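Here is the structure we will look at.
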Amino acid sequence: MMLATGKESLVDGSLITWNDFFGDFAAAQLDVQTGVHVTSPSILLENRDWLARYAGHAFVDPEIGPMGAAARRAGISFGYLHVISNNLARHYPADLSNERHGDVVRRRAVLVSRIRDTIANRLAVRPS
């Protein structure tokens, strides 16, 4: 599992960008991955052909792209720190099939704590 962040998402074939709430702050944290996000309308579409098409992109989620687009339209900043717990390209010990296993729950709790700390620290240094 890892944390991911970014300021771009591919939504319906178009690249959407937004004013990133975190700026470089989240990406500078230890073990936070950055990249272009892909908005997928359904996991049912995420097969091997889909993976080959989007292999150059980093993260997949149905909500992040539309939220970033809405924030851009509203003229406000938006940011995300996303727990990546499933990987389509290769097998990892922690994935969606065992997300309730004790060790996976503990590791996810550590990442969620890091998210809270990063948000609190970002808010502390944000200009008023």
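Look at (1) at positive phi; (2) loosely packed, with under 10 Cβ neighbours inside 10 Å and you find that Gly23 fails only one, number (2).
Which residues, taken from segment 46-65, are outside any loop (DSSP other than H, G, I, E, B) and either polar (S, T, N, Q) or surrounded by 15 or more Cβ atoms within 10 Å (Cβ to Cβ) (or both)?
Within segment 46-65, the subset outside any loop (DSSP other than H, G, I, E, B) is 48-53, 59-61, 64-65.
Those that are outside any loop (DSSP other than H, G, I, E, B) and either polar (S, T, N, Q) or surrounded by 15 or more Cβ atoms within 10 Å (Cβ to Cβ) (or both): Trp50, Phe59, Val60, Asp61, Ile64, Gly65.
Inspect segment 6-13 for any residue being under 30 Å from Asp103 (Cβ atoms), polar (S, T, N, Q) and not in a helix (DSSP H, G or I) and give the result as yes or no. Steps first, please.
Taking segment 6-13 first, the residues under 30 Å from Asp103 (Cβ atoms) are 6.
Okay, now just the ones that are also polar (S, T, N, Q), so none.
Scanning segment 6-13 turns up no residue that is under 30 Å from Asp103 (Cβ atoms), polar (S, T, N, Q) and not in a helix (DSSP H, G or I).
The number of residues in segment 57-73 being under 19 Å from Ile84 (Cβ atoms) and more than 15 Å from the chain's Cα centre (by Cα) comes to 0. Within segment 43-55, is even one residue of a type in the set (Val, Ile, Thr), closer than 22 Å to Met1 by Cβ and at pLDDT 85 or above? Within segment 43-55 (the criterion being of a type in the set (Val, Ile, Thr), closer than 22 Å to Met1 by Cβ and at pLDDT 85 or above), the answer is no, since none of the residues qualifies.
Which is without any contact (Cβ under 8 Å) to a residue 40 or more places away in the chain and either crowded, with 18+ Cβ neighbours inside 10 Å or under 23 Å from Leu111 (Cβ atoms) (or both), of Val32, Val36? Full working, then the answer.
Working: Val32 fails: without any contact (Cβ under 8 Å) to a residue 40 or more places away in the chain.
Testing whether each residue is without any contact (Cβ under 8 Å) to a residue 40 or more places away in the chain and either crowded, with 18+ Cβ neighbours inside 10 Å or under 23 Å from Leu111 (Cβ atoms) (or both) leaves just Val36.
The values are calculated or read from the model by the stated rules, or taken from the named source; none is laboratory data. Bear in mind the structure is a predicted one, so any value in this text is a computation, not a measurement. Quick reminder, even Gly has a Cβ in these numbers, built from the backbone with ideal geometry, and neighbours come from all protein chains shown.
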